[in-house]
1. Out of all the residues in segment 110-123, which are within 23 Å of residue 370 (Cα to Cα) and in a helix (DSSP H, G or I)?
2. Looking at 431, 340 in this structure, which one is in contact with a helix residue (DSSP H, G or I) (Cβ under 7 Å, 6 or more places away or on another chain) and not assigned by TED's automatic domain parsing to the domain that holds residue 190?
3. Please go through segment 288-318 and give me each residue that is in a helix (DSSP H, G or I), within 19 Å of residue 225 (Cα to Cα) and in contact (Cβ under 8 Å) with a residue 60 or more places away in the chain, ordered by number.
4. Considering only segment 263-287, how many residues are part of a loop (DSSP other than H, G, I, E, B) and surrounded by 15 or more Cβ atoms within 10 Å (Cβ to Cβ)?
5. Just a yes or no: is a residue in segment 142-165 outside the structural domain of residue 265 (by TED's automatic domain parsing), surrounded by fewer than 22 Cβ atoms within 10 Å (Cβ to Cβ), more than 17 Å from the chain's Cα centre (by Cα) and free of Cβ contacts under 8 Å to residues at least 12 places away in the same chain?
6. Search segment 194-227 for residues being assigned to a helix (DSSP H, G or I) and buried (at least 24 other Cβ atoms within 10 Å of the Cβ), and hand back the single one that is farthest from the chain's Cα centre (by Cα).
């Protein structure tokens, strides 16, 4: 089992492999045979081919900040970390693209693009650790997905190492490419079960010349949706983000992280809205003022503040982005990454709350997420001082079922990983799951690429 060709920095075992062992929530993972840290695509291909010959599973790992246990080892496996592959090519200013290696951290990509006139329009709370390959593998969304799409929409081309170590080079920097199946979209969201993404051609957007951000207090979920509809109609092409969170989540964030609250009043819900424009001649604050005036007249908005500086804008965003951390510090929690059609958000929140209350009195609910695309992070905590009971799995299944019954999904942007395979098998049709299994077997006949993730298929004997 010789991976010495990677050098001492490229092959870790024993205690050196421990930092790669467990997932972010510390729910999954065991010590791998070793951690391969290749420096380029050729080394990735050699690692995969060598593991294939030895019958070892290969688990790709980016920033390991996923929430579904999809990037850690189970059984005899090599973790393949892309952390040394952080290169970035020249920016194509004419076509608005850039080629990057899969290990590049999202925040570093943002920093490297500064001053170019172009940006990569994906933003999420874990951007300081999440890597491009992992973001593609989970088809990440983030706060601007309703405007720019998910990672699958932002990837024009890919380079992928396949299960036997061969390399598919699909690094094409064009938007229109209909020469057969759109393979790049197949790998987006596949969580490393079909191949190892090594490089990607990303689609960039013009950098905004101005941004305006407001934090608003909202009386109820119906008003959230109604005001969101108004914003789409009257500020549509300038809308960059519409993020919501609840007063319960705000309580935990203020308590555990010591943040300041900028509004004069509290409300059941809050909406963080951001407008942006590439033109300095567009009066974004005037658009905001008109929208807020209409919102207050209709009773959709109770209170609000417009960020007066970049520091205040960052403080507004932190109130939203620290929602998961505030709840984590409160104690035990169960996370749900759900989506429903935007217009069904109030119905979902009401019915989901009823399910939680019926399950156990005093259960605490912290819904937050992306109003623009209906993605709700529906996280629950037990009553103060208590822990979850044995029926919590049934409640989770009921919540996920409710989202699907409303035309949504139980896996909006975090993927399936290991934790949601049972949900997928129970809630999606046998036809759909069977098609996925056929695709998996076609790309990975031996079942050695990230086994046990997305599909419960045992490695081939």
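1. At the first step, the residues of segment 110-123 found to be within 23 Å of residue 370 (Cα to Cα) are 110, 119-123.
If the condition is that a residue be within 23 Å of residue 370 (Cα to Cα) and in a helix (DSSP H, G or I), then 110 is the only one that fits.
2. Details: 431 fails: in contact with a helix residue (DSSP H, G or I) (Cβ under 7 Å, 6 or more places away or on another chain).
After ruling out the rest, the residue left standing is 340.
3. Those that are in a helix (DSSP H, G or I), within 19 Å of residue 225 (Cα to Cα) and in contact (Cβ under 8 Å) with a residue 60 or more places away in the chain: 288, 291, 292, 294, 295.
4. 3
5. No - not one qualifying residue is present in segment 142-165.
6. Among those residues, the one meeting the criterion is 227.
Rundown of residues vs (1) closer than 23 Å to residue 70 by Cβ; (2) surrounded by fewer than 22 Cβ atoms within 10 Å (Cβ to Cβ), yes/no style:
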position	(1), (2)
349	no, yes
357	no, yes
370	yes, no
385	no, yes
392	yes, yes
434	yes, yes
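Residues checked against (1) in contact with a strand residue (DSSP E or B) (Cβ under 8 Å, 6 or more places away or on another chain); (2) outside any helix (DSSP H, G or I):
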site: 140; (1), (2): no, yes
site: 147; (1), (2): yes, no
site: 152; (1), (2): no, no
site: 160; (1), (2): yes, yes
site: 163; (1), (2): yes, yes
site: 169; (1), (2): yes, yes
site: 173; (1), (2): yes, yes
site: 178; (1), (2): no, yes
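The values are calculated or read from the model by the stated rules, or taken from the named source; none is laboratory data. Being a predicted model, the structure only gives us computed values, none of them experimental. All Cβ positions, glycine included, derive from the backbone under ideal geometry; neighbour counts span all protein chains shown.
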